[in-house]
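First the structure, in the form of structure tokens, and then the observations on it.
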Amino acid sequence: MQIASDRKAWGDIAKGVGILAIVTSHVVVHDKTLPSDTYKMVMGLVNMPTFFVLSGTMFRPAEMGSFFARRVRSIAVPYFAFLLLVTLLVAARDVVLPNPSMPHLWQFLWGGEELKGDFGTFWFLSALFFTQLLYNLVASRHPDPTGLPLVLLASGILLGGTALDQLAKGWALPWSLHLLPYTVPLFWFGHLLQREQQHRTLIYAGLAAIGVATLVALSQGFHFWIAMKGRQIEPPVIGLLVGFVTAKLAISIYRLTAVVPGISHALGFAGKRSLVILCLHQFVHFSLRRVGVETTWILILFAFSLPALSVIFFERFAWSRAIFLGRTKPRRNVEAATGPAIPVAAA
């Protein structure tokens with residue numbers, strides 16, 4: 001129980017760092033006075049790979065029926081609830097402010113990369129939902145991440161998806177399903193990291209090999225870029241493998257912050273609110289820009305804090321906990337009542 005508690009604690013800290021970086025990056029890319037391309041490159045190589053790898057570190061295989069029911073409750077229901085909430089908020093804003101920004105109906109139905117602006121982060125939840133379902137479909141029968149079935153799943157879907165991307169540029173599926181060739185390998189790597197003590201030599205040798213390959217590619221003039229939502233992985237295959245390295249480094253740093261009481265508490269506090277912040281921060285960000293707020297630090301502060309404060313409402317009622325937070329029971333103590341985290345565990 002202590003191991004599980006410690007794992008959850010640093011997981012909350014990791015999500016806290018990650019969600020702060022995501023909010024910051026979404027604001028910074030619209031600041032013309034800052035080098036947004038460089039920031040986007042760095043954040044792309046770290047943020048989304050780390051979230052999917054972190055999800056894998058919390059994964060526990062389970063019988064498919066019960067696993068599916070839990071994922072529907074903790075991801076799918078909040079996805080649609082927040083999608084409806086943001087739609088209503090945008091509709092209200094468009095009544096009083098010029099330049100309506102509501103997506104078309106087909107974009108809501110398609111989801112994924114077609115949801116932009118105020119809705120631009122919802123692709124992550126649909127991608128996470130289907131990533132976990134596909135992975136558990138195999139892992140429920142073959143739970144060893146070093147076993148042939150899961151290794152073949154991760155490597156096969158990466159190579160197959162990359163080949164398809166090269167042959168059929170721009171192909172797409174609804175709800176970010178076309179991203180699974182990249183999210184599943186990251187999730188598998190996180191699952192493998194659960195056994196880091198057992199497979200330390202294998203893991204670090206693999207990361208070292210990726211590092212050497214990266215240096216060779218850089219010397220040949222290649223540049224590295226991961227824009228997960230837009231399916232921009234450069235160079236193909238090795239670009240995603242670099243995400244393994246950056247995610248491992250990021251998670252190692254997050255673990256170190258767990259021993260710093262003040263910082264770890266603040267980041268854990270944010271991590272427990274990460275789902276709500278993820279879904280609502282872009283609406284706050286773009287609404288403030290629509291009324292003339294352009295100061296970057298103010299935008300970051302309010303885009304982060306207002307969604308976090310909204311958790312007070314979502315925690316108040318059983319129905320709001322059920323549809324927005326994926327549970328009906330209130331938190332058992334004051335510290336736990338700081339809010340929901342992006343769901344990463346199977347249980």
Flag for residue 128 being touching a Lys or Arg at 6+ places or on another chain (Cβ under 8 Å) and aliphatic (A, V, I, L, M):
no
Filter the range 163-178 down to the residues that are hydrophobic (A, V, I, L, M, F, W, C) and loosely packed, with under 14 Cβ neighbours inside 10 Å, then identify the one that is nearest to the chain's Cα centre (by Cα).
173
Across the range 106-162, which residue is nearest to the chain's Cα centre (by Cα) among those that are more than 22 Å from residue 240 (Cα to Cα) and aromatic (Phe, Trp, Tyr)?
119
Would you confirm, using the coordinates I've provided, whether residue 323 is surrounded by 15 or more Cβ atoms within 10 Å (Cβ to Cβ), at pLDDT 95 or above and touching a helix residue (DSSP H, G or I) at 6+ places or on another chain (Cβ under 9 Å)?
yes
Any residue in the range 149-173 that is among the β-branched types (Val, Ile, Thr) sitting within a Cβ distance under 9 Å of a residue that is part of a loop (DSSP other than H, G, I, E, B) and at pLDDT 95 or above? List the pairs, counting only those 6 or more apart or interchain.
151/145
Among (1) under 20 Å from residue 180 (Cβ atoms); (2) crowded, with 18+ Cβ neighbours inside 10 Å; (3) more than 14 Å from the chain's Cα centre (by Cα); (4) among the hydrophobic types (A, V, I, L, M, F, W, C), there is one condition residue 68 misses while meeting the rest; what is its number?
(2)
So if I check each of 300, 312, which one is farther than 21 Å from residue 87 by Cβ and either modelled with pLDDT of 95 or more or not in a helix (DSSP H, G or I) (or both)?
300
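Conditions tested, residue by residue: (1) farther than 28 Å from residue 130 by Cβ; (2) touching a residue at least 24 places away in the same chain (Cβ under 8 Å).
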residue: 188; (1), (2): no, yes
residue: 193; (1), (2): no, yes
residue: 222; (1), (2): yes, no
residue: 228; (1), (2): no, yes
residue: 236; (1), (2): no, yes
residue: 266; (1), (2): yes, yes
Determine, yes or no, whether residue 239 is among the small types (Gly, Ala, Ser), assigned to a helix (DSSP H, G or I), under 16 Å from the mean Cα position of the chain (by Cα) and closer than 30 Å to residue 185 by Cβ.
no
Scan 217, 209 and give me the residue that is at pLDDT 90 or above and in a helix (DSSP H, G or I).
209
Expected output for the range 46-58 (first residue assigned to a loop (DSSP other than H, G, I, E, B), partner among the charged types (D, E, K, R) and surrounded by fewer than 24 Cβ atoms within 10 Å (Cβ to Cβ), Cβ below 9 Å, 6+ apart or cross-chain) is 58/7; 58/8
Looking at this structure, is residue 126 surrounded by 16 or more Cβ atoms within 10 Å (Cβ to Cβ), among the hydroxyl-bearing types (Ser, Thr, Tyr) and over 30 Å from residue 315 (Cβ atoms)?
no
Taking the conditions exactly as written (crowded, with 22+ Cβ neighbours inside 10 Å and part of a helix (DSSP H, G or I)), does residue 192 satisfy them or not?
yes
Taking residue 77 as meeting all but one of (1) without any contact (Cβ under 8 Å) to a residue 12 or more places away in the chain; (2) within 21 Å of residue 119 (Cβ to Cβ), write down the number of the exception.
(1)
Checked the range 125-135 for anything of a type in the set (Phe, Trp, Tyr) and over 16 Å from residue 324 (Cα atoms); matches are 130, 135
Please work out which residue is modelled with the highest pLDDT, limiting yourself to the range 326-343 and to residues that are buried (at least 17 other Cβ atoms within 10 Å of the Cβ) and under 18 Å from residue 80 (Cα atoms).
326
Out of 126, 101, report the one residue that is among the small types (Gly, Ala, Ser), out of contact with any Cys (no Cβ under 6 Å at 6 or more places or on another chain) and at pLDDT 95 or above.
126
Could you run through the range 242-264 and say how many residues are touching a residue at least 60 places away in the same chain (Cβ under 8 Å) and outside any helix (DSSP H, G or I)?
1
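The values are calculated or read from the model by the stated rules, or taken from the named source; none is laboratory data. Note that the structure is a prediction, hence the values are computed from the model and not measured. Cβ sites come from the backbone with ideal geometry, for glycine too, and all protein chains shown count toward neighbours.
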